[in-house]
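Engineer: So that we are looking at the same thing, I have put the structure below in structure tokens.
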Amino acid sequence: MGVSFTWIGHGTFVFHFDGHETLVDPFITDNPATDVDPDDLNPELIFVTHAHSDHVADLESVAARSGATVVANVEIATWAGGKGLNAHPLNSGGGRDFGFVHARQTIAFHSSSFPDGSYGGNPNGFVFTTTGGERLYLAGDTALFSDMQLIGAGGLDVAFLPIGDNFTMGPDDAVTALQLLKPRLAVPMHYNTFDLVAVDVDAWAGRVRAETDAEPLVLQPGESHSL
Ligand code: NI
Ligand code: MN
């Protein structure tokens, strides 16, 4: 069955783990990179890395309609539960087997307030382990940090990294991150959505080939890849 993923744009992805639709960081309606209709998505799980609007803007509507379980830090899960949504809390370092995927929350260095300014807990990334043993690290919004070496220690098939600079690590630090993580494939995200995160992704991909052991996998919004 395996795993496939589609980049919606920015930090938003749809995964299929053994065919089970799973959404990450739903920012769709106001996302300039995509014309996907959020009503066309029917996830079973929605993973949320942090509470910023460019990661949760469509969370409530998609979760309410689909009945998906929101998997996020305690503060975001509690917020979701308060909205009447299904929610499962995790916290940094903790993992859970959801049947068709195991997810572990990693640390991330960023911030995590809700759009109204209320506290959204600590930001996170996720390590997804498939039923077939593939390991995928989705960093969320983060700066470079040296513990990425530990996250990569068990072997990674894919690392999804922000490269857009300004709000997260930029292209230089994302190359260094790959030297620490040592994944097989490197998928860039959180770039070229707005002018503030404009990046020459082809130049970055060339550096990844030259300076790391990872193969860059540059997706266009809407494009999918299967492992
Ligand atoms: Ni953010
Ligand atoms: Mn962001």
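Engineer: For a quick protection proxy, order the peptides 194-206, 95-107 by their average other-Cβ count within 10 Å, most packed first.
Structural biologist: Sorting 194-206, 95-107 by mean packing, highest first, produces 95-107, 194-206.
Engineer: Residue 218 accessible area, nearest 10 Å², 1.4 Å probe?
Structural biologist: 40 Å²
Engineer: Going by amide H atoms built from the backbone, whose H comes under 5 Å of the H on residue 8, apart from near neighbours?
Structural biologist: 13, 14, 222
Engineer: Leaving out ligands, DNA and RNA but keeping every protein chain, what accessible area does residue 144 have, in Å² rounded to the nearest 10, with a 1.4 Å probe?
Structural biologist: My reading of the accessible area for residue 144 is about 60 Å².
Engineer: Continuing with this model, one more query. Evaluate Rg over Rh across the chain, taking Cα atoms for both radii and Kirkwood's formula for Rh.
Structural biologist: Value, to two decimals: 0.93.
Engineer: Just the number, please: percent antiparallel of the DSSP beta bridges in the chain, rounded to the nearest 5.
Structural biologist: 55 percent
Engineer: Just to verify a number: FRET efficiency for residue 213 and residue 150, C-beta to C-beta distance, R0 = 25 Å, to 0.05?
Structural biologist: In this case the efficiency is close to 0.90.
Engineer: Let me know the shape class of region 66-142, please: from the alpha-carbon gyration tensor, a ≥ b ≥ c as square roots of the eigenvalues, rounded when a/c is under 1.5, otherwise prolate if a/b is greater than b/c, or oblate.
Structural biologist: Since a/c reaches 1.5 but b/c is at least a/b, the shape of region 66-142 is classed as oblate.
Engineer: Which value in deg cm²/dmol, rounded to the nearest 500, describes the helix-derived mean residue ellipticity at 222 nm for the chain, given -39,500 (n - 2.57) per DSSP H run of n ≥ 4 and division by the residue count?
Structural biologist: Per the formula, -5500 deg cm²/dmol.
Engineer: Next question. How large is ³J(HN,Hα), in whole Hz, for each residue of region 126-131 in order, when computed from phi with the Karplus curve 6.51 cos²θ - 1.76 cosθ + 1.60 and θ = phi - 60°, using x for Gly and Pro?
Structural biologist: For region 126-131, the Karplus-derived couplings read 9, 9, 9, 10, 7, 5 Hz, x marking Gly and Pro.
Engineer: Further question on the same structure: Taking all protein chains as present, what is the carbon and sulfur share of the accessible area of the chain, in % to the nearest whole number, probe 1.4 Å?
Structural biologist: So the carbon and sulfur contribution to the accessible surface is 47 percent.
Engineer: Something else: At a Förster radius of 35 Å, what calculated FRET efficiency corresponds to the Cβ-Cβ distance of residue 4 and residue 116, to the nearest 0.05?
Structural biologist: After rounding to 0.05, the efficiency reads 0.50.
Engineer: Measuring with a 1.4 Å probe in the full set of protein chains, what accessible area per residue, in whole Å², belongs to region 96-227?
Structural biologist: I get 43 Å² per residue for region 96-227.
Engineer: Please find the FRET efficiency linking residue 172 to residue 61, where r is the Cβ-Cβ separation and R0 is fixed at 41 Å, and quote it to the nearest 0.05.
Structural biologist: That pair, residue 172 with residue 61, gives E of 0.65.
The values are calculated or read from the model by the stated rules, or taken from the named source; none is laboratory data. These figures come from a predicted structure and were not determined experimentally. Using ideal geometry, Cβ is built from the backbone for each residue, glycine included, and neighbour counts are taken over all protein chains shown. Heads up: the accessible areas ignore ligands, DNA and RNA and are worked out on the full protein's heavy atoms, side chains in. Shrake-Rupley method; radii C 1.70, N 1.55, O 1.52, S 1.80 Å.
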